[in-house]
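The block underneath contains the structure these notes are about, expressed in C-alpha cells.
The values are calculated or read from the model by the stated rules, or taken from the named source; none is laboratory data. Everything numeric here is computed off the predicted structure, so don't read it as measured data. Counting neighbours? That spans all protein chains shown, and the Cβs are built from the backbone with ideal geometry, glycine included.
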Amino acid sequence: MIRLLPLLALTACDVDHNNDTACTRVAMVSVTVNVTDAAGAPFTAADVTYTAEDGSSDRCDSYSDGVYLCGYEIAGEMTITVEVGGDTVSMDTVLIDADACHVIGETLDVVVPAEA
C-alpha cells in the first residue's frame, strides 16, 4: 500500500478534478508565428517579440526557419511584433483562450514586404 502512494501522487497531477479532464505536463505554445517573405519563402532575419496583457514581454523562440514560438501557457491578449532591421513590419494582437489544462495555441502568419 505504501508503494502505491507515490504513484497515485504522480497521476493525481494529471487530472483537473473540477472537470475530470486528463491534463498533460507539456507546456503549450501560446502563439506560433510563421514569417515568410513576399515570395512565400521562410524569412529567418526577423526579430519577433511578444507583450502579454499582464505586461510581461520577451523574445519569441526561433523554432525552425521562419517559425517563432511566442510564450508558453500565456492566455489572454498578446501583442506580437515582427521587426526587420529595427523597423516594425507587423504588430498584431492575438487572443489566446485556455481550457481546463492548457492554452489553445493560435497561429499568426506574417509576410515581410519586399522593401523590408
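Only one of the listed residues (VAL89, VAL103, VAL82, VAL67) is aliphatic (A, V, I, L, M) and within 25 Å of CYS23 (Cα to Cα). That residue is VAL103. Every condition in (1) among the charged types (D, E, K, R); (2) at pLDDT 95 or above; (3) surrounded by fewer than 14 Cβ atoms within 10 Å (Cβ to Cβ) is met by ASP20 except one, and the failing one is (2). For first residues located in the range 100-116 and within 20 Å of ALA52 (Cα to Cα), partners that are among the aromatic types (Phe, Trp, Tyr) and at pLDDT 95 or above and lie 6+ apart or on another chain with Cβ distances below 9 Å form the pairs VAL103/TYR72; VAL110/PHE43. Of the strands (runs of 3 or more DSSP E) lying entirely inside the range 54-116, those containing at least 1 residues that are at pLDDT 95 or above, under 14 Å from the mean Cα position of the chain (by Cα) and hydrophobic (A, V, I, L, M, F, W, C) span 67-72, 76-84, 87-98, 106-112. Selection over the range 74-99 of residues that are free of Cβ contacts under 8 Å to residues at least 24 places away in the same chain, farther than 24 Å from PHE43 by Cβ and touching an Asp or Glu at 6+ places or on another chain (Cβ under 7 Å) gives a count of 1.
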